[in-house]
Every structure is written in C-alpha cells, then in structure tokens.
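Student: First, the structure itself, so that you have it in front of you.
The values are calculated or read from the model by the stated rules, or taken from the named source; none is laboratory data. Keep in mind the model is a prediction, meaning the values are calculated, not measured. Methodologically, a virtual Cβ is constructed for each residue, glycine included, from the backbone with ideal geometry; neighbour enumeration extends over all protein chains shown.
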Amino acid sequence: MDTETIPTPDAGVAMESKEDTEAFTMVKSKKTQKRKREQDGADMDTEAPVASKRPQFPPISSDKLKGADEMRKVAVPAHRYTPLKENWMKIFTPIVENLQLQVRFNLKTRHVEIKTCKDTKDIGSLTKASDFVRAFILGFNVEDSLALLRLDELFLESFDVTDVKPLKGDHLSRAIGRIAGKGGKTKFTIENVTKTRIVLAETKVHILGSFQNIKMARTAICNLILGSPPSKVYGNIRVVASRTAERF
C-alpha cells in the first residue's frame, strides 16, 4: 500500500505564516517617516538658493505708446486774465518749443488747452505742461513755475487755512496775517529757509518745492495758524533745515 503523507499541524502553521509574510508588506512607523521628511527639508534648506535673474526690457518708444491725441484743460479765473495775457509768450514758448506740445487759450470756455501732437516725444510732457500753467494760474511767477518743467522732483501743494483750524472773522484774518508777517517778512523767511515758494490767496496757501521742503514749510505755516509766535517758528525750521542739510 502506498502510504499518503498527511501534513502535520506544525507544517500547516508554517506554510500559513509564510504566505502571510508574502501577502503583506512591512509598514514603516509614522515617526520614521516624519524624521525622514525633516531630514529632507534640512537638506533642501542647506542648498544654495538659485538667484533669479531679473528680466531686462528695452524702453518702449513713444510711437508705440502713442494713441489718440490727449488734451488737458486748466481753468483761468477772472483775476488772472491780465497776468496771463502779459506773460503769454513766456508760457507759450517753452511748452511749444521745448515740450513739442500745442497750446491755446479758449475765449469761450476760458480755459488754457494743452494738446499732444505727432511731434511730441515724451509721454510725461503733457502733465509737466499742465502743472506749469496751473502753477502760474495759482499766482506763482513764470520763472518759478518754469522749474516744474526743468526738474522732476518739484511738486505743488495747496491747502486751506480753515483745514488746519476752523477760524472765522477776525481770527481768520489774524492767522493769515501771522503767515504773511509785516511786509511779507515771515513768508519770505519761510521761503528762504525751506527753499520753497509760497502764495497766499485769501484763505488758500499754495506751496511749490520738493517733497521734504514742502513738508517743512507746511509744518511752519500750520504752527503759525495754530498761534505759535513767529520767533519760535523761525527757530524750529532753522533747526530742521540744518539737520536735513547735514544729512544730505
């Protein structure tokens, strides 16, 4: 008789355990995965950063930027007609010859109209010309207003005396008098120390100058409006002006 081999229970358990190990794979613990991620992150941090190259684009020519002709209008009040008429050639010449723009005074609308043309090269010329005309209309001399065409860092700032302190009647008149001083002495002193130009038009104050100088002049004028004596204001602006001179 052929004897059949009967598998023993121990052999069956061994075969089952072998099959289980083949069917399932070992799962790594979360701690080891986290540690590996931290190591990878540390390696990435230690790598030298790649410097991104900044793109360089050539300047766009005015022909490509040029679209339809643009126009700016500056309103002229009645009391500035005569000065505008007397100084028209001084205003007309730099706008037309230097900035290559077209300018005219419209008698119906009473506006100075500035327009670009095919000869205009600089895109920002229109803004410069409108600022120049506006400065003259506000009351600045033609020579002072011309600085807006020559220098890029000059600005115009306007504010009302009542914006600083709500004054009325004689109190408002005295505040304006403190800003001007006897014979305009206080105004001239502020202009010379801060290297700005100031125009007082009723309750309006217009300042022409660089950003830092306008800030100094505005602070001095606000102190005068609030009631500070001129001698104290002189001392403060001289100290600030000397500090800015040392800094630059």
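Student: If you check Asp152, Asp122, which single one turns out to be over 24 Å from Pro83 (Cα atoms), without any contact (Cβ under 8 Å) to a residue 12 or more places away in the chain and charged (D, E, K, R)?
Tutor: From the options Asp152, Asp122, the qualifying one is Asp152.
Student: Quick check: anything in the range 164-172 without any contact (Cβ under 8 Å) to a residue 24 or more places away in the chain, under 14 Å from Cys222 (Cα atoms), surrounded by fewer than 13 Cβ atoms within 10 Å (Cβ to Cβ) and not β-branched (Val, Ile, Thr)?
Tutor: Yes: one or more hits.
Student: Here's something else I'd like to know. Please count how many residues of the range 129-156 are crowded, with 21+ Cβ neighbours inside 10 Å, over 17 Å from Trp88 (Cα atoms) and not hydrophobic (A, V, I, L, M, F, W, C).
Tutor: 0
Student: Where in the range 134-248 are the helices (runs of 4 or more DSSP H), entirely inside, with at least 1 residues that are modelled with pLDDT of 90 or more?
Tutor: So the answer is 142-150, 161-164, 169-180, 185-194, 211-226.
Student: Which one is farthest from the chain's Cα centre (by Cα) among residues in the range 212-226 that are surrounded by fewer than 18 Cβ atoms within 10 Å (Cβ to Cβ) and either touching a residue at least 12 places away in the same chain (Cβ under 8 Å) or over 19 Å from Thr162 (Cα atoms) (or both)?
Tutor: Residue satisfying both the conditions and the ranking: Leu226.
Student: Might you check whether a residue that is at negative phi, surrounded by fewer than 16 Cβ atoms within 10 Å (Cβ to Cβ) and assigned to a helix (DSSP H, G or I) occurs anywhere in the range 98-115?
Tutor: There is at least one residue in the range 98-115 that is at negative phi, surrounded by fewer than 16 Cβ atoms within 10 Å (Cβ to Cβ) and assigned to a helix (DSSP H, G or I).
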